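Heads up: the structure comes next, in structure tokens.
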Amino acid sequence: MYQNIDELMQAANQLAGLTLAELAERCGIIMPSSLRREKGWIGQLIELALGASAGSKPQQDFPELGVELKTLPLANNGIPLESTFVCTAPLLRQQHISWETSNVHHKLSTVLWVPVFGDRQQDIGTRMIGTPWLWHPTAEQEQILRQDWEEIMELIALGKVESISARHGDALQLRPKAANGRSLTQAIGSEGTLIQTRPRGFYLRSTFTRQLLRLQFHL
DNA sequence: GGCTGATCATAG
DNA sequence: CTATGATCAGCC
């Protein structure tokens, strides 16, 4: 699709200033009146517009470029409205995974952030795409992420997954990631035995993405 | 009002 | 079930 990252960025920049209604019309898809039942709709619209590999394939959105695409919902004052999901957390057979080989590290190594402005109660169609930017973690940011990841993974390995709350981690947090409370997966329990627990995912705190915005746009 | 824990849709 | 895309909603 794209020969290089510059071509991708050029395409992404063309989206800036468009409302979601305009982009949906260009893509020929119908807008939902609410995201309540289609929480990922905006992300999927942006994927479609940029020609990202659709579907549920693991790894990055543009594997040939090594780029992960993330939409970032912002209130009209420019502050992130939500945390950013990164990936599911491995709760079993994770002893051999290091930060360098982790999915979090891989996904966050290069991210194309696409901001979407709009307050929560604002009609989906009137929300506006902002200026995208490409992000590589700085050494300092990477250190923070790594430390959070290592602490969380150690607790998981020690069988303490159920004692990890979303309060843990400065930039990266662990939260449930599932269809509902009934979905279960295996994890290491307190006695070193297997337990059933809710699947968890890694998320970037909105305070962290807010800092990224500040650094990028000098806010 | 921000944040944590819970939840929604879809593909394979 | 796990993966993708995330936001909802009630508690503090």
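The values are calculated or read from the model by the stated rules, or taken from the named source; none is laboratory data. Quick caveat: nothing in here was measured; it's all calculated off a predicted structure. In this analysis, Cβ positions are derived from the backbone assuming ideal geometry, glycine residues included, and neighbour counts consider all displayed protein chains. For the accessible areas, the whole protein counts, side chains as well, though only heavy atoms, and no ligand, DNA or RNA atoms are used. Shrake-Rupley method; radii C 1.70, N 1.55, O 1.52, S 1.80 Å.
Going by the structure shown, is A:PRO199 within 16 Å of DNA strand B (Cβ to nearest atom), open to solvent by 50 Å² or more (accessible area, probe 1.4 Å) and of a type outside the set (Asp, Glu)? Explain how you work it out, then say what you get.
On the way: within 16 Å of DNA strand B (Cβ to nearest atom): yes; open to solvent by 50 Å² or more (accessible area, probe 1.4 Å): no; of a type outside the set (Asp, Glu): yes.
Here the answer is no, as A:PRO199 does not meet what is asked.
Please return the ranges of strands (runs of 3 or more DSSP E) entirely within the range A:45-164 where 1 or more residues are away from DNA strand B (no atom under 14 Å from the Cβ) and surrounded by fewer than 18 Cβ atoms within 10 Å (Cβ to Cβ). Let's see the steps before the verdict.
Details: elements: A:68-74, A:84-88, A:111-117, A:133-135.
Answer list for the range A:45-164: A:133-135.
Exactly one of (1) within 13 Å of DNA strand C (Cβ to nearest atom); (2) in contact (Cβ under 8 Å) with a residue 24 or more places away in the chain is unmet by A:ASN13. Its number?
(1)
If A:LEU219 satisfies all but one of (1) touching a residue at least 24 places away in the same chain (Cβ under 8 Å); (2) surrounded by fewer than 17 Cβ atoms within 10 Å (Cβ to Cβ); (3) within 22 Å of A:SER109 (Cα to Cα), what's the number of the condition it fails?
Looking at each condition in turn, A:LEU219 falls short on (3).
Within the bounds of the range A:208-216, is there any residue that is of a type in the set (A, V, I, L, M) and open to solvent by less than 10 Å² (accessible area, probe 1.4 Å)? Can you show your working first?
Here is the first cut: in the range A:208-216, the ones of a type in the set (A, V, I, L, M) are A:212-213, A:215.
After this cut, where a residue has to be open to solvent by less than 10 Å² (accessible area, probe 1.4 Å) as well, the list is A:212-213.
Checked against the condition, which is being of a type in the set (A, V, I, L, M) and open to solvent by less than 10 Å² (accessible area, probe 1.4 Å), the range A:208-216 yields at least one hit.
(1) closer than 28 Å to A:ILE5 by Cα; (2) within 16 Å of DNA strand B (Cβ to nearest atom); (3) not aliphatic (A, V, I, L, M): which one isn't true of A:HIS168, the others all being true?
(1)
Specify which of the listed residues (A:THR110, A:THR101, A:THR88) is over 30 Å from A:LEU184 (Cβ atoms) and of a type in the set (Ser, Thr, Tyr).
Values: A:THR101 fails: over 30 Å from A:LEU184 (Cβ atoms); A:THR88 fails: over 30 Å from A:LEU184 (Cβ atoms).
After ruling out the rest, the residue left standing is A:THR110.
Taking the range A:1-10 on its own, how many of its residues are assigned to a helix (DSSP H, G or I), open to solvent by 40 Å² or more (accessible area, probe 1.4 Å) and touching a residue at least 24 places away in the same chain (Cβ under 8 Å)?
The total comes to 1.
May I ask you to verify whether A:PRO32 is open to solvent by 30 Å² or more (accessible area, probe 1.4 Å) and either within 11 Å of DNA strand C (Cβ to nearest atom) or not polar (S, T, N, Q) (or both)?
Details: open to solvent by 30 Å² or more (accessible area, probe 1.4 Å): no; either within 11 Å of DNA strand C (Cβ to nearest atom) or not polar (S, T, N, Q) (or both): yes.
In short, no.
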